[in-house]
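S.K.: Below is one structure. I have some questions about it.
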């Protein structure tokens, strides 16, 4: 069933991305007055076809892309696919440069638009995840500890302005420049006001680059509740279940997920007794963490104990109105695009390990995992992959849309198209590069699943 779910999720995700991409080319071509001979999802032998008034619509055997065959997009703009003369007014190559540019660009653009629309729908229908402004782990000697803040206390106002979520607090802290803040705190003993002075710190971003930030020496509270377990890992083998809440480890109370993770990390290959609240009862479970590696504060991997559990989280989903959702979806898509572009650059120059490059097998595996977590996770995964396709298709490599756009740029500068011979050579080089990239991606995929 898991394999079937993975395959179905892969086909659905890839099918949507290909369809939207090719529809971008198709509709822009029709808008520019270009005739379309064939609209195909997939390559190779045709499995299914239907003939329209002017266009043949088909599904082909190899579901790794698609294409829109336009009239006059070969070297003889007045000859169709079977040597039949066509109307010059419908030929791609007779259209102005700007029209041809827009037709080619429309495919990748539709992938970006799809991502923004998916994100907007998620923000509108489901909401964006936010963590309550509740204190989790408190760093010894840090600003929060010096102010007397404790795990489980809730921050209700900063400098007299109410706050609800941790992101509100983070935004204020980063904008202060280290200025002391008056913070209203609510805890078991009531509400009080403390002075909190953020401290300068260095933090590594998603790519391991160091950034200067202000921090308070505390993290948002996440309860020690299990969201799910990894099949076959120690937690699963020991009988831990989703929604279990860990209350103690070897007799020592556990107040948050951070504490749970810290203690498990220190007990690789050591039998560990967990006290777990399950429904209305408390049960004891013994689990032996396996050795594994996670990124440390310095970006380097550290060997720790792992039992294969994920937190259920303590987030609240806040819905936005349609206008705000569209804006948030656009901002989210731009942010993901920027981070993806930076990641691609760092892979090319060798600053990131090239094992991060994945192919269809990795996409299928991840799609299946996201599907098991729910439609929201699968939808956002589809949006992320759509942005990846947007960027990859704009790379200036012949055979990709970006290669055609590069040819158009040369034509704009030179005042004439590149010679047929030069374009043919470029296409051959581009094809070879794409095949090498595909082989490397498959190699990484096979290596991940243990075939190499």
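S.K.: Which residues, counting only those in the stretch 182-203, are within 15 Å of residue 133 (Cβ to Cβ) and at pLDDT below 90?
M.R.: Scanning the stretch 182-203 gives a single hit, 187.
S.K.: Give the residues of the stretch 331-355 that are in contact with a helix residue (DSSP H, G or I) (Cβ under 8 Å, 6 or more places away or on another chain) and part of a helix (DSSP H, G or I), sorted by residue number.
M.R.: Within the stretch 331-355, 332, 333, 336, 337, 340, 341, 343, 344, 347, 354, 355 meet the criteria.
S.K.: Now for a separate question. Being at pLDDT below 80 and surrounded by 14 or more Cβ atoms within 10 Å (Cβ to Cβ) is the filter here, so list the residues in the stretch 435-452 that pass it.
M.R.: Of everything in the stretch 435-452, just one residue is at pLDDT below 80 and surrounded by 14 or more Cβ atoms within 10 Å (Cβ to Cβ), namely 448.
S.K.: Follow-up question, since we're still on this one. Which of the residues belonging to the stretch 198-216 are touching a residue at least 40 places away in the same chain (Cβ under 8 Å), in contact with a helix residue (DSSP H, G or I) (Cβ under 8 Å, 6 or more places away or on another chain) and either outside the structural domain of residue 147 (by TED's automatic domain parsing) or closer than 30 Å to residue 348 by Cβ (or both)?
M.R.: Hits for the stretch 198-216 are 206, 207.
S.K.: Okay, next question. Return the residue satisfying two criteria in turn: it lies in the stretch 252-271 and is modelled with pLDDT under 90 and assigned to a loop (DSSP other than H, G, I, E, B), and of such residues it is surrounded by the fewest Cβ atoms within 10 Å (Cβ to Cβ).
M.R.: 255
S.K.: Can you name the condition, by its number, that residue 72 falls short on among (1) modelled with pLDDT under 90; (2) farther than 25 Å from residue 99 by Cβ; (3) not in a strand (DSSP E or B)?
M.R.: For residue 72, the failing item is (2).
S.K.: Another question, then. Only residues that are farther than 15 Å from residue 392 by Cβ, surrounded by 15 or more Cβ atoms within 10 Å (Cβ to Cβ) and at pLDDT 85 or above: list them for the stretch 332-364, please.
M.R.: Those that are farther than 15 Å from residue 392 by Cβ, surrounded by 15 or more Cβ atoms within 10 Å (Cβ to Cβ) and at pLDDT 85 or above: 332, 333, 346.
S.K.: Does residue 135 meet the test of being under 28 Å from the mean Cα position of the chain (by Cα), touching a residue at least 60 places away in the same chain (Cβ under 8 Å), within 30 Å of residue 324 (Cα to Cα) and outside the structural domain of residue 402 (by TED's automatic domain parsing)?
M.R.: yes
S.K.: Taking the stretch 138-156 on its own, how many of its residues are closer than 13 Å to residue 215 by Cβ and either in a strand (DSSP E or B) or in the same structural domain as residue 380 (by TED's automatic domain parsing) (or both)?
M.R.: Selection size over the stretch 138-156: 1.
S.K.: Inspect all residues belonging to the stretch 396-403 and state whether any of them is surrounded by fewer than 17 Cβ atoms within 10 Å (Cβ to Cβ) and assigned to a helix (DSSP H, G or I).
M.R.: no
S.K.: Continuing with this model, one more query. In a helix (DSSP H, G or I) and buried (at least 19 other Cβ atoms within 10 Å of the Cβ): which single residue out of 383, 426 fits that description?
M.R.: Going through 383, 426 in turn, just one is in a helix (DSSP H, G or I) and buried (at least 19 other Cβ atoms within 10 Å of the Cβ): 383.
S.K.: Which one is modelled with the lowest pLDDT, of the residues in the stretch 303-330 that are under 18 Å from residue 257 (Cβ atoms) and out of contact with any helix residue (DSSP H, G or I) (no Cβ under 8 Å at 6 or more places or on another chain)? Step through it out loud before you land on a result.
M.R.: Initially, the stretch 303-330 is screened for residues under 18 Å from residue 257 (Cβ atoms), giving 304-316.
Adding the requirement that they be out of contact with any helix residue (DSSP H, G or I) (no Cβ under 8 Å at 6 or more places or on another chain) leaves 310, 312-316.
Working: 310: 85, 312: 79, 313: 64, 314: 61, 315: 67, 316: 76.
Of everything passing the filter in the stretch 303-330, 314 is modelled with the lowest pLDDT.
S.K.: Confirm whether residue 119 is touching a helix residue (DSSP H, G or I) at 6+ places or on another chain (Cβ under 6 Å) and not in a strand (DSSP E or B). Walk me through it before giving the result.
M.R.: On the way: touching a helix residue (DSSP H, G or I) at 6+ places or on another chain (Cβ under 6 Å): yes; not in a strand (DSSP E or B): yes.
Yes, satisfied.
S.K.: Quickly run through the stretch 365-378 and pick out the residues that are buried (at least 19 other Cβ atoms within 10 Å of the Cβ) and either part of a loop (DSSP other than H, G, I, E, B) or in contact (Cβ under 8 Å) with a residue 24 or more places away in the chain (or both).
M.R.: Selection gives 367, 368, 370, 371, 378.
S.K.: Moving on. Looking at 277, 241 in this structure, which one is in contact with a strand residue (DSSP E or B) (Cβ under 8 Å, 6 or more places away or on another chain) and in a strand (DSSP E or B)?
M.R.: One residue alone meets the criteria, 277.
S.K.: Sticking with this structure for a sec: Keeping to the stretch 413-423, report how many residues are surrounded by 12 or more Cβ atoms within 10 Å (Cβ to Cβ) and in a helix (DSSP H, G or I).
M.R.: Residues meeting the conditions: 2.
The values are calculated or read from the model by the stated rules, or taken from the named source; none is laboratory data. Computed from a predicted structure; not experimentally measured. Glycine also receives a Cβ, built like all others from the backbone with ideal geometry; neighbour counts cover every protein chain displayed.
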